[in-house]
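The values are calculated or read from the model by the stated rules, or taken from the named source; none is laboratory data. Computed from a predicted model, the values in this text were never measured in an experiment. Every residue, glycine as well, gets a Cβ built from its backbone with ideal geometry; the counts of neighbours run over all protein chains shown.
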Amino acid sequence: MQQTYSLIINGEKVDGALGTFDVINPATENVVAACPQATPAQLNAAVDAAEAAFRNWQHTPDAELKQTLHRIADSIEKRADELASIIVQEQGKPMFLAQAEVGGAVAWTRYTAELDIPVEVLEDSPNKRIELHRKPLGVVGSITPWNWPLMIAVWHIMPALRTGNTVVAKPSGMTPFNTLLLAEIINAEVPAGVMNVITGERGIGSGMTSHEKIRKIVFTGSTPTGQTIMRGAACNLKRLTLELGGNDAGIVLPDADIDSIAEAIFQTAFLNMGQTCAALKRLYVHDSQYDALCEKLSAIASTQVVGNGMDEGVTFGPVQNHDQFNLVSELVEDARNNGARILCGGEPLPGNGYFYPPTIVADVSDGQRIVDEEQFGPVLPVIRYSDVDDAIARANACEVGLGGSVWSSDLEQARKVAMQLECGTAWINGHAEVLPHAPFGGCKMSGFGVEFGQEGLLEYTVPQTLNINR
Ligand code: NAD
């Protein structure tokens, strides 16, 4: 891994004018490398470059945009090992998961390359023709979190470029290096100024949000930051896609075959050590199967190999940062103090690194912090219910609405329950599964707008109606 990284402004590699800050490896607490700290003036320079590049880039023929994205995907593939290794060191996830993240980045880039931007004919009569076109917006600002840093950057950047926009990206200061390398890869395939990246936490994100020349912000992160961004975006009525926090409920119906679903429930709750926006974060289980399912989940948890993601055989990495690690510890302590049973895990591991083992918490209920708050970490509260309608009401009694799931052998019954969940995606016998062709987004305080598929692509465009009187 390189020891120094650069910003990319107008096609050039540039040092941060405020020096650097250290990025910490969560498995060792050692410094991974120094990250450039940009200034507001450098942000302005990046936006100016993106605005200037937009003048030509917006007219790039469709076929050329598609080829460009495929060339970027080729380059990501060529540097897959390097990217995966960076992700493990700065994010903490095990190598197999980092490799999957890089694979996902390639797949999403290729899928986005092949999407078409439609021109709809709304009327074609002897006197009149009306066409609906979709035009690029201009400079798009991407602000990303630390959990799936490369994948989410790709989700933001590729549809922006595919639709003829230019980009200024700002990754999380906790996991910046994968995105700095991604931007370098993209920069090699596009004209100067089309892809810019800046890093630094001191007001850079809010500077983007309130920047008069940025036309859209695509943001993935917490709900409070999303609210701040929305306020800042009012200055020039920026378009927004806000992919915010969730507290996804899963409901296990009385007829579910728990032998066949326990593994999937575990994996979707603890995906990326639970640090996944649409992970299963509250599990409602019918009284009749409660104890048996708790036991199975704990047995699966005990088979996890917790350790440094670079080490062979490790299946479970650390929590990404100290604050999140403290929050997880605090929520489990709060549950314990309020009479919950900790079936496995429940204590941080000694030694260096933010290691917290997979933890199953039983005998908890709504009204307790571990159920009501987004834990965003390796803990799953399991809540007992006896009436399905009551479980649905409790699943919905939550201000966020990202995902939800129903687990059952009766697909018709499961569909009826799933359709009542207040969330952007409802899964049946699954959870946390995102796909490039299935629009994904939240409702309520989980945000608005979707990513993926054609619906996601069109969020990077503005409609223009062409009304022709013959
Ligand atoms: P965060 O909101 O703290 O930070 C996200 C990004 O916003 C970072 O790059 C940060 O530097 C930047 N930022 C911070 N303050 C800002 C401001 N005032 N203006 C502009 N930018 C600012 O979130 P996090 O802790 O990095 O990520 C965890 C959260 O993200 C969880 O709540 C999780 O559910 C959510 N998330 C949601 C999705 C989704 O698709 N809905 C996906 C992943 C994560």
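Before moving on, here are some points about what is shown:
- Checking G200, G226 one by one, the residue that is within 12 Å of the ligand (Cβ to nearest atom), touching a residue at least 40 places away in the same chain (Cβ under 8 Å), in the same structural domain as P40 (by TED's automatic domain parsing) and more than 28 Å from L283 (Cα to Cα) is G200 and no other.
- Filter pass, S446 being more than 15 Å from the ligand (Cβ to nearest atom) and in contact (Cβ under 8 Å) with a residue 12 or more places away in the chain: no
- Whichever residue in the stretch 180-225 is among the acidic types (D, E) and in contact with a helix residue (DSSP H, G or I) (Cβ under 7 Å, 6 or more places away or on another chain) and, among such residues, is surrounded by the most Cβ atoms within 10 Å (Cβ to Cβ): E189
- Candidate set: the stretch 234-265, residues that are within 13 Å of the ligand (Cβ to nearest atom) and of a type in the set (D, E); chosen: the one nearest to the chain's Cα centre (by Cα): E243
- Criterion applied to G403, G456, G424 was being modelled with pLDDT of 95 or more, within 19 Å of G226 (Cβ to Cβ), assigned by TED's automatic domain parsing to the domain that holds P136 and within 12 Å of the ligand (Cβ to nearest atom), and the one residue passing it is G456.
- The number of residues in the stretch 320-340 that are farther than 14 Å from V371 by Cα and either of a type in the set (A, V, I, L, M, F, W, C) or not assigned by TED's automatic domain parsing to the domain that holds Q275 (or both) comes to 1.
- In the stretch 350-390, the residues that are out of contact with any Pro (no Cβ under 6 Å at 6 or more places or on another chain) and among the hydrophobic types (A, V, I, L, M, F, W, C): I360, A362, F376, V379, L380, V382, I383, V388
- The combined condition, being modelled with pLDDT under 95 and over 17 Å from the mean Cα position of the chain (by Cα), is not fulfilled by R231.
- Among the candidates T225, T209, T199, the residue that is of a type outside the set (A, V, I, L, M, F, W, C), closer than 22 Å to T276 by Cα and modelled with pLDDT of 95 or more is uniquely T225.
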